[in-house]
Amino acid sequence: MIARLMPSPLHRLAQFASAPVAVLLAIATLMLTLVHRPAGADGLLGDLVSRPLSVAFLGPADGPYSLSIDLNTGDVIAEAPNQADHQQWVITPLPSGQYRLSNAILGEDFALTAQGRDRSLLMTPVDGRAAQRWSFRLNGEGYELMTGDGELGLLYDPAHLSTPILVNAGECCNSFQSWDLDGQAGAFAAAREVRQTSDDGLLPEAWSQPTDLTPDFFFADDVVEAARTGMVETMAAATEAWGNFGPIEYWVMGTDPKAANALLDTFCQRRDDRGDWSKNACLQREKRSEHGLISYQQLGADALANGQPGGNAGHNGGFDWGIHRFSSSIPLGMSGLLGVPGDEEQKTVLHEYFHAVQHAHVRDLDRDARDRKLGPVWWMEGAAEYMAMTTHARLQAEGKIPVWDNGDWTFNFRNYRKNMGRKFRQASKDHKRHDCVAEMVRIDYDSPCRSFFYDGGAWAVALLVSQHGEAVLLDEFYPRLASMDFEAAFEATFEQTPETFYAEFRPLIEGQLGVALGLLPKF
Ligand SMILES: [Zn+2]
C-alpha cells in the first residue's frame, strides 16, 4: 500500500460462499451439531447454563481479543484469536437491528444473555427472551454492544477488568465501552461457514497460481476515460511482467459524493450477492472515515478543494472473500488534475499490484500466520516500492506502457535514477535522525521510520537484488513462503540472516549516493 493497510479484523473472517448466507448458516449449524461437535461439548451443555463468562471482542485499544470456551473446563476466556474451532462465535442478525451472539460449537441453541438484577453475564439456552438479544451501536471507531432494550452495555477492558461487566448504557461511553466489530453480523456468520470448506484455514492452492482472470476495475462514474484506460493498461502490463495473480477487485473513487455513494452501493451489493458480507454491515463500515471506501472519495475532493495533490491507494485485504481488494482515490494525474504526472499513478498501480503478488504466495487466512510469512514493513513496502520503481522504468523504456509527461514535474523512465536518488537522500536523513536500520525488524507501521521503510526499504531490496539477480523475489523468495516463514525463506534465499543483512546494509545507507546508484539496473 501507499498509505497503510486497513487495520481490519476482517482478515480473520473467512468465506468463499456464493450461496445465500442464511442457507449456508443453516447447513453449517447442522454440520456443527451432527459432525463437528467436539467430544467434550455434550458434557458441557448442561454446565453452561448460568455459567458466568469472561468475554471480550476486539478492543481497539488493547489489541485483538476473542471469546473462547475451554471445552475441558467450560471456562470462557478472552485471548488472542486463532483458528481453533472453539473460538468461533456467531453473530446472527435478528429483526429490528438486533443480533444474537452465540457460540459456534454449541450452535444457536446457546447465546449470551444478561440476567437478573446483579447484571451478571451468562450463557443460556436460547428461548427468545428479549434479554438474549444484543444490538450494536456505532461509537467512534468501534461498536457498542448493548442488550436488546439498549439499556445495558457490555464493558470490558483487559488491562483493568478481570471479567466483563454490564453497565448502564448512557448517551455515550468511555473508551473501553467501544467494541471493534468490523467483522460483525454477516462476516461472523460467514466465518462459521468457512470451516466447512476450508478445515485447514488456508486459501485454495489456486490462490498462489497464475490465473487467466482479468483484474476487475470498478470506477466511480466521474472518473474520466483516460484515467480508466491508464490504470487498466498499467495493471495489464504489471500482470504480464510479474505473473497474473488474482482474483483482483480494484475500486477507484472520483471526487463527486453522489458517484461515490453509487460506487459504495455497488461494492456492498456485490459483497452481499457473493455472500461475503451483509450489505448493511458493509455500508456501515465502509462509510467510516478510517480506510472506509468513502474515505477515498473524500481524499480526492479535499485535494481539489485545497489545490494540493494528495491521495491514497491500498491493498485492503479481501482474502476472506477469496480476492485481492484494492481501493484508490482519484488518480489525479491520469485525470489531468493539479499538475500530477500520470506516470506517478502508473507506479502506484505497480506498487499496489506487487502487494497482490506478495499476498498471493501466502495461503494462510490467519492474520498472524500471514504476517509471520510476509515479514517486516521494510520488506513488504521496500520490495513493492523497488519493484514498482524499477518495473515502471523498464515498461516505459520498452514502450509497454505510455510515457505521460503531463505534469508539473517529470516521473518518466529517464528520471528513474534521479527518483531513486531522492529516496536515498530521504532515507539517509531519516536514518540519521532515528537510527532506522535498527528499526528494520519492526512489523508495524507505527514508527518514526515509517517512510524509511518505503525509501530505505527500496534501497535495501536494491542491494539484495544487485547481489542475487532481478528474479530473486519472484522466483525464489516468494515461492518459499508456501512452506517457510519470513526468516527461513530469507535465509534460504539470501544465505544470511536478516540481522546480518541489516549490518551489511547500514554502511550503504550511511555512505555515498554514487556508490548506491551503482547497484541499480540501467535502461
Ligand atoms: Zn505498499
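Data for the structure
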quantity: Farthest toward positive dipole pole in the stretch 258-371 [+1 Lys/Arg, -1 Asp/Glu at C-beta], among Leu304, Leu337, Leu293; calculated: Leu293
quantity: For q = 0.18, 0.28 Å⁻¹, Debye-computed log10 I/I(0) when each Cα of the stretch 208-253 counts as one equal scatterer; calculated: -0.54, -1.03
quantity: Burial ranking of peptide ranges 482-493, 361-372, 203-214, 246-257 (average Cβ count within 10 Å, highest at the top); calculated: 246-257, 361-372, 482-493, 203-214
quantity: DSSP-defined beta bridges in the stretch 201-373 - what % are antiparallel, rounded to 5; calculated: 30
quantity: Gyration tensor (Cα) of the stretch 249-371, equivalent ellipsoid semi-axes in angstrom; calculated: 26, 20, 11
quantity: Rule-of-thumb Rg ratio for the stretch 375-523 [Cα; 2.2 N^0.38 Å; N residues]; calculated: 1.04
quantity: From the C-alpha gyration tensor of the stretch 345-392, square roots of 5λ in Å; calculated: 22, 11, 7
quantity: Candidate lysines - alpha carbon under 25 Å from Lys258, same-chain residues fewer than 8 apart omitted; calculated: Lys279, Lys287
quantity: Cα centre as origin, Lys/Arg/Asp/Glu Cβ charges: the stretch 218-305 dipole, Debye; calculated: 320
quantity: Gained length - Asp368 relative to Glu504, 0.36 nm times residue gap less alpha-carbon distance; calculated: 46.1 nm
quantity: Coil-residue trypsin sites (Lys or Arg not before Pro) of the stretch 427-523, DSSP, other Cβ within 10 Å capped at 13; calculated: Lys522
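No value in this document is a laboratory result; all are computed from the given coordinates. Computed from a predicted model, the values in this text were never measured in an experiment. All Cβ positions, even for glycine, are placed from backbone atoms using ideal geometry, and neighbour counts span all protein chains on display.
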